[in-house]
Amino acid sequence: MVGTIPMLILFLGVINLGNSKPHEHKQELDKDGDYEDSITEQQKALDNMGCKPVLQKKYVSRYVDTKDDLLDHFHWPTVVGILRCDNSCSYCGNEFGQEEKECQPVQDKIRKKHFVIAYFSKEGPKKYRRLKTKEHTECHCVLKK
């Protein structure tokens, strides 16, 4: 008898869940429009992302040799904007929202990007240094490896 009381409570709980209105959730979701419209909007947003270079923040120290004493001096800017193909900011999928490809730079469309930083050395006046990196000017969707 003691073991049947918990089972009875569990059973009544299941019956109560069964009596909830099954359309309550559907009405909540439907009140702002059709499901298909929502999916279409989501897909449009993905498609609009495309596969193109996006401006990314990169730390200058990444482009300075570790043996270079420049990092011992106060320098600015400490970050620069570089165009890169970034799969996390791109969409290379199909109309079902499934990604089969990834956004990568077109190899012959990578160029050298030069940027200038200023710094003070122990010798006195402000000095400048020109640094370089690679910048992506064009991206394309390629099959994932």
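The values are calculated or read from the model by the stated rules, or taken from the named source; none is laboratory data. Keep in mind that this is a model prediction, so the values were computed, not measured. For neighbour counting, all protein chains shown are included, and Cβ atoms are generated from backbone atoms with ideal geometry for every residue, glycine included.
Tabulated values for the structure
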{"read-out": "Considering residues of region 82-125 that are in a strand (DSSP E or B) and of a type in the set (Val, Ile, Thr) only, the residue surrounded by the fewest Cβ atoms within 10 Å (Cβ to Cβ)", "value": "Val116"}
{"read-out": "Count - residues of region 126-145 that are touching a His at 6+ places or on another chain (Cβ under 9 Å), surrounded by 14 or more Cβ atoms within 10 Å (Cβ to Cβ) and not β-branched (Val, Ile, Thr)", "value": "3"}
{"read-out": "Qualifying residue in region 59-81 (condition: among the aliphatic types (A, V, I, L, M), part of a loop (DSSP other than H, G, I, E, B) and either at pLDDT below 95 or closer than 30 Å to Lys112 by Cβ (or both))", "value": "yes"}
{"read-out": "Where Ser61 falls short, out of the listed (1) surrounded by 13 or more Cβ atoms within 10 Å (Cβ to Cβ); (2) within 23 Å of Gln107 (Cα to Cα)", "value": "(2)"}
